[in-house]
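Enquirer: Just dropping this structure here.
The values are calculated or read from the model by the stated rules, or taken from the named source; none is laboratory data. Remember, predicted model here, so these are calculated numbers, not experimental data. Positions of Cβ are generated from backbone atoms using ideal geometry, with glycine treated the same way; all protein chains shown enter the neighbour counts.
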Amino acid sequence: MQEYFEIGQIVNTFGVKGELKVVPYTDDIERFEELNSIYVVKNKQLIEYEIEQIKYHKNMIILKLKNVNDMNTAEKLKGCYIRIHRKDARELPEGTYFIADIIGSQVITDDGKILGIVDDIYNTGAKDIFVVKDEMGKQILLPHIEEVILNIDVEKQIVTVHLLEGLV
């Protein structure tokens with residue numbers, strides 16, 4: 001299982017005091033307030049930063065990190081992704097999973113046919129859509145509804161599905 005989760009990306013600086021404008025990748029942007037520190041991915045390395053302050057601006061987060069005190073230092077973090085350790089993630093309700101734990105899972109039908117691998121999951125507003133890629137690269141889109149997604153086994157990395165008529 002993935003040890004770190006990506007929760008946002010630093011897209012710009014904000015002001016002259018080293019604040020960072022962050023696009024959140026989480027459903028609840030106020031989630032950042034529960035964190036004391038974050039990891040910034042820079043040059044393929046995780047660098048831990050303590051959070052000093054959090055503000056909100058137009059569905060974005062304005063983040064002030066300790067030891068990032070001017071625009072020049074903040075500019076060097078532009079484009080970097082923000083991660084948290086799995087231990088800092090919120091407890092999920094039963095029957096829900098982190099997307100990172102499902103991506104890469106093998107998808108099989110209830111009659112044993114292998115469809116491919118979960119390549120992505122995106123939210124349409126109503127339901128999540130599982131993007132399944134077969135070995136030829138062809139995509140199958142499956143809605144996350146009870147009639148289609150029968151079982152998700154995160155440990156074995158297997159998603160069992162039932163194909164309704166017209167899905168494939």
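Enquirer: Just give me the residues in the stretch 5-48 being hydroxyl-bearing (Ser, Thr, Tyr) and crowded, with 18+ Cβ neighbours inside 10 Å, in sequence order.
Expert: Passing the criteria: Thr13, Tyr39.
Enquirer: Taking Asp120 and the conditions (1) among the acidic types (Asp, Glu); (2) over 30 Å from Ile10 (Cβ atoms); (3) touching a helix residue (DSSP H, G or I) at 6+ places or on another chain (Cβ under 9 Å), which numbered condition does it fall short on, given that it satisfies the others?
Expert: For Asp120, the failing item is (2).
Enquirer: Still on this structure: I'm told Tyr56 meets every condition in (1) part of a strand (DSSP E or B); (2) under 28 Å from Glu3 (Cβ atoms) except one. Can you identify the failing condition by its number?
Expert: (2)
Enquirer: What are the pairs, 6+ residues apart or on separate chains, where a residue within the stretch 66-83 that is touching a residue at least 12 places away in the same chain (Cβ under 8 Å) has its Cβ under 8 Å from a residue that is among the acidic types (Asp, Glu) and buried (at least 19 other Cβ atoms within 10 Å of the Cβ)?
Expert: Ala74/Glu19
Enquirer: If you check every pair at least six apart or on different chains, which have Cβ atoms under 7 Å apart with a residue in the stretch 106-122 that is exposed (fewer than 11 other Cβ atoms within 10 Å of the Cβ) first and a residue that is modelled with pLDDT under 95 and aliphatic (A, V, I, L, M) second?
Expert: Partner pairs satisfying both residue conditions: Tyr122/Ile129.
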